[in-house]
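Just below is one structure, and these are the notes that go with it.
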Amino acid sequence: MTEFTNGYKELDHCRVCKNTDLTTYLDLGNMPLVNSYVTADDDEKPCDRYPLAINYCPECSMSQLSIVVDPSIMFKNYFYRSSISQTFVNHCAEYAENSARRFSFRESDLVVDIASNDGACLREFKKQGVKVLGVDPAENLAKIAIESGVPTVAKFWNADTAKQLLADHGKAKMITAMNVFAHVDDLDSFLTGVNTLLDDDGVFAIECPYMFNFMTNTEFDTTYHEHLSYFLLKPIKHLVERHGFEVFDVMTMNIHGGSIRVYVKKKTSKAWDICYQNIDKLLLMEEETGFHKLNTYMHFSEAVKNIKEDMVNLIRSLKAEGKKIAAYGASAKGNILSNYCGLGKSDIDYIIDDTPEKQGYLAPGHHIPIVAFEQLKKDPPDFLILLAWNFSHELMNKTSAYQGEGGKYIIPIPQVKIVPE
Ligand code: DWN
Ligand code: ZN
């Protein structure tokens, strides 16, 4: 039984290879939980904060948080909805079409999505004519998914859940894990569950943010307590092979700041050719760019401090000139960036977010109010910080009228810049 004291536990070993000789290379201090939005009634109440630091494992090149926050605090009632971003929905549609073609889906096939959120991805797989089943612990999101025609089980994924689903639904042809593999502490139970539910010739696909982009683009604001692990291909390969699986293909993608998708099959299956070229090329790139050496990581903090300095200096100078500043995208990453930079209500008047469930709430930590899109017209700022910089094109398309009237954007990552200059 996992013991969480004050809502979290220290992690003194690598979750992939169990090595205990870990080195901290990024420490953002005590930060709020990124989806802990509060109502105005709690504006005066200080929010819970937890240590936020990343450790490197020299054995398997894994990066992971130094603590694990109790998942039931973070995921049982979840504000984030995948389907708000059309860019992400389009990404899912392409994924579903490509999967149906590549893996020759039949109507009787079952596709299971672990951490299925509001059903955004499975709605696209359903259009391919397969049976779908979502698994997500957030009861609020499971309800939305079910109402949209995506059968969903409101549970955490683990070995026990998999056994139950096998009894109720039979084996799955494909199991997808989008933006969840990095959120899970007990990856051994997670993978045991995949082994249980996956058909002998089934496909398991892991999609998660990629350490190469995280480091190269200084995407430090995607460090939050939900993201326990920061993956390269090397530790993922090590982990799945320990569970009787084999990586048979890998691709990198420009979604969520840069992600990796790893295709995995059971070692015993001969159904899928192994794309050695793609796998070996990425492993070699990781090694040649120094990601298997601690030294590479030790400069990251400096780059992070530079972004903080640039951001604070820019905001402070614009405020000194009497400029009005707002933001777009009450995102998890935006909550880390603004809190880490010490920006608050005196710097940012409001944050626009199209997620109905976030509107009317206050963002974690600094409690900046989250408002609907209409506020931009009612109370236009001089500068709009794109806190969901990973969707800058979509946000700028949506606010073209604002830009047409002379409005400007501040994009904080990979470096702080004003657009148009
Ligand atoms: O792993 C995770 C990623 C996938 O999503 C989760 N743990 C948490 C979450 O992180 P995030 O909140 O930083 O993700 P996004 O998708 O970058 O957040 C975008 C935010 O911006 C959402 O609150 C929705 C909002 N948004 C909007 O209001 N209008 C986004 C778009 C594109 C829009 O048009
Ligand atoms: Zn390790």
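The table below gives the values:
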item: Meets criteria (within 13 Å of ligand 1 (Cβ to nearest atom), touching a Lys or Arg at 6+ places or on another chain (Cβ under 9 Å), at pLDDT 95 or above and under 24 Å from Gln86 (Cβ atoms)) for Thr252; result: no
item: Residues located in the range 88-109, provided they are crowded, with 18+ Cβ neighbours inside 10 Å and either outside the structural domain of Lys173 (by TED's automatic domain parsing) or over 13 Å from Arg123 (Cα atoms) (or both); result: Ser99, Ala100, Phe103, Phe105, Asp109
item: Residue in the range 291-307 that is within 16 Å of ligand 1 (Cβ to nearest atom) and polar (S, T, N, Q) present; result: no
item: Residue in the range 97-105 that is assigned to a loop (DSSP other than H, G, I, E, B), among the polar types (S, T, N, Q) and away from ligand 1 (no atom under 14 Å from the Cβ) present; result: yes
item: Matching residues, the range 44-73, being more than 16 Å from ligand 2 (Cβ to nearest atom), within 27 Å of Phe300 (Cα to Cα) and out of contact with any Gly (no Cβ under 8 Å at 6 or more places or on another chain); result: Ala53, Ile67
item: Scope the range 111-155; condition surrounded by fewer than 21 Cβ atoms within 10 Å (Cβ to Cβ) and either of a type in the set (Phe, Trp, Tyr) or in a helix (DSSP H, G or I) (or both); matching residues; result: Lys126, Glu139, Asn140, Lys143, Ile144, Ile146, Glu147
item: The range 389-408 residues that are within 18 Å of Leu318 (Cβ to Cβ) and acidic (Asp, Glu), paired with ones that are modelled with pLDDT of 95 or more and more than 16 Å from ligand 2 (Cβ to nearest atom) (beta carbon under 6 Å, 6 or more apart); result: none
item: Enumeration of residues in the range 213-235 that are in contact with a helix residue (DSSP H, G or I) (Cβ under 7 Å, 6 or more places away or on another chain) and in a helix (DSSP H, G or I); result: Phe214, Met215, Phe220, Asp221, Thr222, Leu233, Lys234
item: One residue from Phe212, Phe231 being surrounded by fewer than 21 Cβ atoms within 10 Å (Cβ to Cβ), under 24 Å from Thr296 (Cα atoms) and in contact (Cβ under 8 Å) with a residue 24 or more places away in the chain; result: Phe212
item: Condition met for Asn19 (polar (S, T, N, Q), surrounded by fewer than 19 Cβ atoms within 10 Å (Cβ to Cβ) and within 16 Å of ligand 2 (Cβ to nearest atom)); result: yes
item: Residue, surrounded by the most Cβ atoms within 10 Å (Cβ to Cβ), within the range 312-331, restricted to residues that are over 15 Å from Ser346 (Cβ atoms) and under 25 Å from the mean Cα position of the chain (by Cα); result: Ala330
item: Candidate set: the range 53-72, residues that are within 14 Å of ligand 1 (Cβ to nearest atom) and among the aliphatic types (A, V, I, L, M); chosen: the one nearest to Asn158 (Cα to Cα); result: Val69
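The values are calculated or read from the model by the stated rules, or taken from the named source; none is laboratory data. Since the model is a prediction, treat every value here as computed from it, not as a measurement. Neighbour counts are summed over all protein chains in view; Cβ atoms, including those assigned to glycine, are modelled from backbone coordinates with ideal geometry.
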